[in-house]
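Notes follow the structure.
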Amino acid sequence: MPTVEEDLRQSVRAHIDAQDWTAAQAALESLLQHVPQDVPARMELARVMLRQGLFRASGNHLLKAAMDPSGNALLDTQLVQRLCFSGEMVAARTCLDRAGQLANESVPLLVAQAHLRWTLGEFNAAKELMDRAAAAGIDTPDQFHLYATLLQVTGDIERAGQVLETCLRRWPDFGDAAAARSNLRRQTAPSNHLAFLHGQLRRLPADDGTPGGRFVRAEFESALFKELDDLGRHDEAWPALARSNALMSSINPYDGLAEAAIVEGLIDVAGSLGQPEVQAARMHADPTPIFIVGMPRSGTTLLDRMLSSHSQVTSAGEINDFLRQLHWVADVPPVGVSGMLGTLRRIPKINLAELGERYLAQTQWRAQGCRFYIDKLPVNIQMVPFIRRALPHAPILHMVRDPMDVCFSNFRAMFGNVSAYSYDMQALAHYHGLYRRLANEWHVSLPDAMLDVHYADLVREPAAVLRSVLKHCGLKEEDACLHPERNAAPVATPSSMQVREPIHTRGLGTWQPYAHHLEPLRRLLG
């Protein structure tokens, strides 16, 4: 005869198949009364509650699941991914440490754990896992690409190039590897991959009608642009960039209405909060976050590398923890535009001090013994009013770059299936206008909220600009900050190669060789 437990499991499956989430939740809760340490059932209950928009409750069940060792490294790895989504970063690290202690050297598991270490920003640990996976025999193009990326991020450029060469010999149509190889170094006339790229582009269909086929073609076109641009062959380079971006825009269209709605919502809710209370800015217990915000490709990585060269500062990289915790205190799942707008509607009723406490609790481990840690996520320009109220002691640095330079730097970058604004000039100008509107609004409504750091000044007069930045953060001057090229810490952004060089001014006016083609963008920017 079926047991009560078996009946409940059948009931759970039936309700989930019918997408009756309320009934599925009730059945799972009954099941867990019989088997409270059933980790898969607990994770399924968390998923069902998330389906109903119960973000906090879902996370609480994941925390309970994390407290019960499953003895199954694969299950723990899946749990870590879910904990990260829920903003439970401390529990995710603990669970991932536990999974790593289980004796299992399977390549898929090592790769999955490396991905999660990457998600947590623990790049050296991720690279060590991929070293082990490579020794055991990685055997897919994605695995080779991940390994090469981690080698590049941690500074082993030569080995990264070797891995990419091996990958492309086996899978010559793998666009991720082709683009990564072209971006690994500055190409020269005696040493480049133009023949390979032209050959592949002749073989690939111009447009096979599928998103996947278009994406691969776009990556090869992007790689071709990068190499021709390096060689100064601008008239040949531009058509490749135009073709790449047209393909990317077709598969990843920009939703200007949604972006505008978010900006309107941000300004409205920030205005309803009133002025933040005046508090002693540097009296909070260490470690303290330093936020670097602005447009993507505005020089945030360079400033991050300079600051994190200081003996009392480390970089946490581009972490999304503030927005994660904002969703948590609002109890709204972080799902698309609707999730963001739903969160904004709840902000006037939430405790922003609790947001600050939760952010610190989930991120201070990133300081690694330093007094300060950098949260360098450019899009946090949207979060400035909430950061100022949740973390009044945290400095905010706003990178400002010439509109044409920063927009062209975005337009030429291959971001993949994110940053849809970057593949079309009209979309790019619209997005930059929204960014500029937010920055101006915060300067007016919160005049002391953030310090503007101009990229052009930073590269021309680094000592003088850095002096004001360090003073704003409450730090003493150190000569090491003027030599970011000596900073051996991992860096995982598209500009990872440039910031391993001494400070230079080559990033100024990079759009000018393409001025004729970019005239529509210049007019749109006004």
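List of remarks:
- Within the stretch 509-526, if we keep just the residues that are part of a loop (DSSP other than H, G, I, E, B) and open to solvent by 50 Å² or more (accessible area, probe 1.4 Å), the residue that is farthest from Arg366 (Cα to Cα) turns out to be His516.
- Residue in the stretch 51-66 that is open to solvent by 10 Å² or more (accessible area, probe 1.4 Å), out of contact with any Ser or Thr (no Cβ under 7 Å at 6 or more places or on another chain), over 24 Å from Gln325 (Cα atoms) and not β-branched (Val, Ile, Thr) present: no
- Unique match (being open to solvent by less than 30 Å² (accessible area, probe 1.4 Å), of a type in the set (A, V, I, L, M, F, W, C) and within 25 Å of Gly526 (Cα to Cα)) among Leu428, Leu391: Leu428
- Matching residues in the stretch 214-238 - criterion: being surrounded by 18 or more Cβ atoms within 10 Å (Cβ to Cβ) and either of a type in the set (Lys, Arg) or farther than 20 Å from Arg181 by Cβ (or both): Arg214, Arg217, Lys226, Trp238
- Residue count, the stretch 348-381 (criterion: part of a helix (DSSP H, G or I), of a type outside the set (Lys, Arg) and open to solvent by 30 Å² or more (accessible area, probe 1.4 Å)): 8
- Residue count for the stretch 31-43 satisfying the condition of being over 14 Å from Ser86 (Cα atoms), surrounded by 17 or more Cβ atoms within 10 Å (Cβ to Cβ) and in contact (Cβ under 8 Å) with a residue 12 or more places away in the chain: 5.
- Scanning the stretch 32-54 turns up one or more residues that are under 25 Å from Trp118 (Cα atoms) and in contact with a His (Cβ under 7 Å, 6 or more places away or on another chain).
- Test: residue in the stretch 18-26 that is part of a helix (DSSP H, G or I), β-branched (Val, Ile, Thr) and either touching a Leu at 6+ places or on another chain (Cβ under 9 Å) or touching a residue at least 60 places away in the same chain (Cβ under 8 Å) (or both): no
- Neighbours by Cβ (under 6 Å, 6+ apart or cross-chain): first from the stretch 67-78, within 14 Å of Gln37 (Cβ to Cβ); second open to solvent by 70 Å² or more (accessible area, probe 1.4 Å): Asp68/Gln37
- Screening the candidates Phe386, Phe411 for the property of being closer than 30 Å to Asp176 by Cβ and at pLDDT 95 or above yields one hit, Phe411.
- When restricted to residues that are part of a helix (DSSP H, G or I) and either charged (D, E, K, R) or on the phi > 0 side of the Ramachandran plot (or both), the stretch 90-134 contains 8.
- Every residue from the stretch 476-507 that is out of contact with any helix residue (DSSP H, G or I) (no Cβ under 6 Å at 6 or more places or on another chain), open to solvent by 20 Å² or more (accessible area, probe 1.4 Å) and in a loop (DSSP other than H, G, I, E, B): Lys476, Glu478, His483, Ala488, Ala489, Pro494, Met497, His504, Arg506
- Selection status of Gln162, in contact (Cβ under 8 Å) with a residue 40 or more places away in the chain, closer than 17 Å to Asp176 by Cα, in a helix (DSSP H, G or I) and open to solvent by 30 Å² or more (accessible area, probe 1.4 Å): no
The values are calculated or read from the model by the stated rules, or taken from the named source; none is laboratory data. Being a predicted model, the structure only gives us computed values, none of them experimental. Every residue, glycine among them, receives a Cβ derived from its backbone with ideal geometry; neighbour counts consider all protein chains shown. Areas reflect the complete protein model, heavy atoms only, side chains present, ligands, DNA and RNA absent. Shrake-Rupley method; radii C 1.70, N 1.55, O 1.52, S 1.80 Å.
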